[in-house]
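To keep things clear, I will list the structure first and then write my remarks on it.
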Amino acid sequence: MKLSRYLGDRPFWRVTLTLALPVAIQNVLTSSFQLVDTMMVSRLGDVTLSAVGMAAQWGWLGFVMIFGLCSGMSVFVSQYWGIKDLKGIRRVLGIGILSSLVFSLVFLLVAFFAPGWVLRLFNKDAAVIAVGCQYLRIVCFSYPAVALTNILSVVLRNTERVKLPMYVSMCTTVANAIVDYGLIFGKFGLPELGVRGAALATCISAWLGPVLILVFSAIEKNMLMGPVKELLAFGPKNLKLFFSRATPVILNEFLWALGILVLNIIYSNQGYEYYAGMTIFRTFADLAFAFFVGLGNACVIMVGKSIGQGKIARSIADARRFSVLTPLAGLLIGLVTIALRHPLISIFATGDSLSELTLHTALTVTVFCSLEQMLRNIPYVQVVGVFRSGGDTLHGMLYDLGSLWLVGIPAALIAAHVFHAPFLAVVIAAYLCEDIPKTILCLWHFTSLRWVMPVTPEGREGLKKYKEQP
């Protein structure tokens, strides 16, 4: 049995690293937005850190919907790219831009006009709500910018222009760090605005993203630069085809994010110090997760492109390799995170602004969740990287939502409100009860090959020939 069948050969790794590393670096930089905010806001105390963490959940819910839209676009863009259907790609881009702006504006309006309602979903503490409202009313204006950046980036990545989004993220991350420091603490001649400064810095750097992407795209004349009429060249038939595949993904991501929001409400009602500790862990956990985002993106491009060209055997072979690499990478990254947990968490423990309970929570949650990443990312790469690139957006949704809503959330509620378990036990119940059944279902569906559902004529013909093979 050749190891290359499961771990990949030299050509596989050359293409994978070329596609995955820039995306992973971009996501590390994107996650650094929240890292910089959390590090600086942590110096303002537990209440402020918890409030910003809770307020950020609303923007995250909107972002996940945009991610669902981007995943739906990837089904078409990667397969269209396989046959070089450039007009088809720009048509999908036009649908994506208009849809993302509608989604983001809805979240903006709710956050601006009803920030107190959003914050009370997580905590009833008046001080936490007051601080959170200051942050949310400003940071909500970054939502359309984040949406546009992600829509433009997904087209660039799926047409193998992976470096431009990475370079733009470098620029926006540096800008965010500088403006954050200046506006929070009143440096570089800027006013000292505290938590409002953190929100304003996020807005400024977020809008820098789509501006830079479009400027550099105009210079290099890439896929984003085409006639405007091609962006709007979609009719009812195109919309029906797009949303028949994209709607399950968007619903998947929205309802999954809503479920995570419910879990965060359960966590936050255990006490704001516990939630502040969870916020610290998630900040650097997002950096580690960036590797799996890169791996999933490489899987989408390689598997989707092959299916679009009708190379079904090759797409299945690559999907198998990604399925084996994911848990191995999860184990390695988890062990490294555990080994570095003390220096990572000490970054936030400047002075005496954070309580011992917050820091202890961050340390204990890090140990369990880092080990569990080996299991947690298997269904992520299966659903986002394999099933969706193959054209199957329905089964991943069913497995994802069923495991979360029917098993994970009830387990967390029972642990918290029936057994009155400690905070870490509630987290363990939520994670394991969601991830174990989801992993089993995803691996079973992968071996069935029912996820191979081409959207191109070449792909459908290739699948027919593959099934006819003895």
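The figures follow:
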| quantity | calculated |
| --- | --- |
| Largest to smallest principal axis extent of the C-alpha atoms in region 185-338, angstrom | 54, 41, 31 |
| Net charge contributed by nearby residues that have their C-beta within less than 11 Å of Ala114 (K/R +1, D/E -1) | +2 |
| Exposure ranking of Met54, Met170 by accessible area [1.4 Å probe, largest first] | Met170, Met54 |
| Gain upon complete extension [Leu406, Lys467; 0.36 nm per residue less C-alpha separation] | 18.4 nm |
| Val195 accessible area, assembled protein chains, probe 1.4 Å, Å² | 10 Å² |
| Highest to lowest packing among 92-100, 262-270, scored as the average C-beta count within 10 Å | 92-100, 262-270 |
| Sum of side-chain charges, Ala20 neighbourhood, beta-carbon under 14 Å (Lys, Arg +1; Asp, Glu -1) | +2 |
| Farthest toward positive dipole pole in region 200-334 [+1 Lys/Arg, -1 Asp/Glu at C-beta], among Trp207, Leu224, Thr279 | Leu224 |
| Accessible-area composition of region 182-312, carbon plus sulfur, in percent [1.4 Å probe] | 69 percent |
| P(r), alpha carbons of region 319-470 - 10 Å bins starting at zero, rounded % | 10, 28, 29, 19, 9, 4, 1 |
| Heavy-atom accessible area order for Cys433, Cys70, largest first, 1.4 Å probe | Cys433, Cys70 |
| Helical contribution to [θ] at 222 nm, DSSP H n ≥ 4, -39,500 (n - 2.57), averaged over the chain, rounded to 500 | -27000 deg cm²/dmol |
| Relative contact order (percent, whole number), region 245-386, Cα cutoff 8 Å, 6+ residue spacing | 36 percent |
| The chain, dipole about Cα centre (Lys/Arg Cβ +1, Asp/Glu Cβ -1), debye to the nearest 20 | 1860 debye |
| Charge dipole (debye, nearest 20) of region 36-193; +1 at Cβ of Lys and Arg, -1 at Cβ of Asp and Glu | 520 debye |
| Under 14 Å, Cβ to Cβ, from Ala288 - net charge with Lys/Arg +1 and Asp/Glu -1 | +1 |
| Estimated distance in nm for a label pair at Phe243 and His420, the labels positioned 7 Å out from Cα along Cα-to-Cβ | 5.0 nm |
| Segment Arg10-Ser448, extension gain: residue separation times 0.36 nm, minus the distance between their alpha carbons | 154.9 nm |
| Per residue accessible area in Å² of region 61-218, where ligands, DNA and RNA are left out and the probe is 1.4 Å | 37 Å² |
| In Å², nearest 10: area of Asp9 left accessible to a 1.4 Å probe | 60 Å² |
| Accessible area in the full protein assembly, largest first, 1.4 Å probe, for Leu19, Leu363 | Leu363, Leu19 |
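The values are calculated or read from the model by the stated rules, or taken from the named source; none is laboratory data. Computed from a prediction, not measured in an experiment: that's the story for all the values here. Positions of Cβ are generated from backbone atoms using ideal geometry, with glycine treated the same way; all protein chains shown enter the neighbour counts. Quick note on the areas: whole protein, heavy atoms, side chains included, nothing else; ligands and nucleic acids left out. Shrake-Rupley method; radii C 1.70, N 1.55, O 1.52, S 1.80 Å.
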